[in-house]
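The values are calculated or read from the model by the stated rules, or taken from the named source; none is laboratory data. The model shown is predicted, which means the values in this text are computed figures rather than measured ones. Counting neighbours? That spans all protein chains shown, and the Cβs are built from the backbone with ideal geometry, glycine included. Just the protein is used for accessible areas: all its heavy atoms, side chains included, with ligands, DNA and RNA removed. Shrake-Rupley method; radii C 1.70, N 1.55, O 1.52, S 1.80 Å.
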Amino acid sequence: MAKRRQLEVPSADALKELEEGFARETTRGGMRPPIADVVADAARLSDPLPHSERAEVARDRSDAETLRAARQKGLVAVEIPLAEISVDTLSRDRMDVEDEALQELVRSIDAHGLRLPIEVFGQADGSYALISGFRRLAAVRQLNASYGSTQFATIPAFVRAPKSSVEAIQAMIEENEIRVGISQYERGRVAAMAVHGGVFSSLDEAVSSLYSSSSKAKRSKIRSFALIHEELGDMLHFPKALSERQCLRLAGALRVGLGSAIRATLETQVISDAEREWAILLPLIEEAETGDVDSARGGRPKKAAKAADPGREIGKGIRMKVGRRSDSVSITLSGAALEGVDIDTVIAKIESHFSD
């Protein structure tokens, strides 16, 4: 077994000599502590770039932070595959796109590229829902179909983060109001569809929220346009062609109870264009407008106008209805057996009668 060495307490002279030696080894040029030199050496080793290059790196870091913040706010466009974008998530205010206008946009994008990205928001399944840019998306999809899947397979888009579906619909409406005119009927239609979709509990709430920046008078008109969609949306062939004045007159007829009569009339008519559709609606609208008016109630009729005369059978399953006014007479023929040759015959007889 090794023999233990007994420790001895150093003398005062020995301790003094140790302290003087330690001071000589650790003091460099005055009172600078050695740890300062260690830190300085570590800093030089960790960032060996010259000052000018270190400044450039700092700018790059700042730019990256700015880009990240802009992307989080939806201010940076990203390329999104067409197949990942849905146009049916929101109740759209635009019913369709006129072919001539769409083809003009297609040619412009084909020649010069898309100048303005669309707007979308992310969905839970990883896909995207369209907010604005319906026409642009339709044009790019047409180009993709023309050129094949390798070209125009993606579209630049701003990815927004709306707080609710209401905010998303509002953004869509505002963008369309600014860029391309929406028909009066379409304005009311989107409000009515938002109610049916459960976004709002009533039409008044929908109009007040979606068109909050509009005047009280304009919101009142939009409620009238929405009424037309609610009662006749499945019957009208050319609702977008209705002017504001025509929409208001038609809504007035619906309010006094002529909705069923209008539907019955539309069901039996062959409608080829917007002018023909309005000509069919006009007699019923005029009938509603001849009712007694109560000025204390804002010009609304005192009582509902009587339902339109259903007409009478004149043979071969054809029904005739005659409308008489002070300066005009209208004759409406309806029935499954009605053919073009019959109409020509009737017109010829009328012309012959008055030409004698």
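Miscellaneous remarks
- Whichever residue in the range 285-304 is open to solvent by less than 70 Å² (accessible area, probe 1.4 Å) and touching a strand residue (DSSP E or B) at 6+ places or on another chain (Cβ under 9 Å) and, among such residues, is modelled with the highest pLDDT: 286
- Sole residue being of a type in the set (Lys, Arg), modelled with pLDDT of 85 or more, more than 29 Å from residue 69 (Cβ to Cβ) and buried (at least 17 other Cβ atoms within 10 Å of the Cβ), chosen from 107, 141: 141
- In the range 115-138, residue nearest to residue 79 (Cα to Cα) [restricted to those that are touching a strand residue (DSSP E or B) at 6+ places or on another chain (Cβ under 8 Å) and open to solvent by 50 Å² or more (accessible area, probe 1.4 Å)]: 128
- Qualifying position, being in contact with a helix residue (DSSP H, G or I) (Cβ under 7 Å, 6 or more places away or on another chain), part of a strand (DSSP E or B) and modelled with pLDDT under 85, among 182, 169, 131: 131
- Pairing residues of the range 257-277 that are under 16 Å from residue 228 (Cα atoms) with residues that are among the aromatic types (Phe, Trp, Tyr), at Cβ distances under 7 Å and at least 6 apart in sequence or on separate chains, gives 274/238; 277/238.
- Top-ranked residue in the range 194-212 [being polar (S, T, N, Q) and not in a helix (DSSP H, G or I); ranked as modelled with the lowest pLDDT]: 212
- Qualifying residue in the range 260-281 (condition: open to solvent by 30 Å² or more (accessible area, probe 1.4 Å), farther than 27 Å from residue 339 by Cβ, in a loop (DSSP other than H, G, I, E, B) and at pLDDT 85 or above): no
- Residue in the range 58-80 that is farthest from residue 169 (Cα to Cα), counting only those that are surrounded by 12 or more Cβ atoms within 10 Å (Cβ to Cβ) and either of a type outside the set (Lys, Arg) or modelled with pLDDT of 75 or more (or both): 67
Okay, residues lined up against (1) in a helix (DSSP H, G or I); (2) open to solvent by 40 Å² or more (accessible area, probe 1.4 Å):
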{"position": "214", "(1), (2)": "no, no"}
{"position": "221", "(1), (2)": "yes, yes"}
{"position": "224", "(1), (2)": "yes, no"}
{"position": "227", "(1), (2)": "yes, no"}
{"position": "231", "(1), (2)": "yes, yes"}
{"position": "236", "(1), (2)": "no, no"}
{"position": "247", "(1), (2)": "yes, no"}
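- Selection status of residue 334, open to solvent by 70 Å² or more (accessible area, probe 1.4 Å), polar (S, T, N, Q) and at pLDDT 75 or above: no
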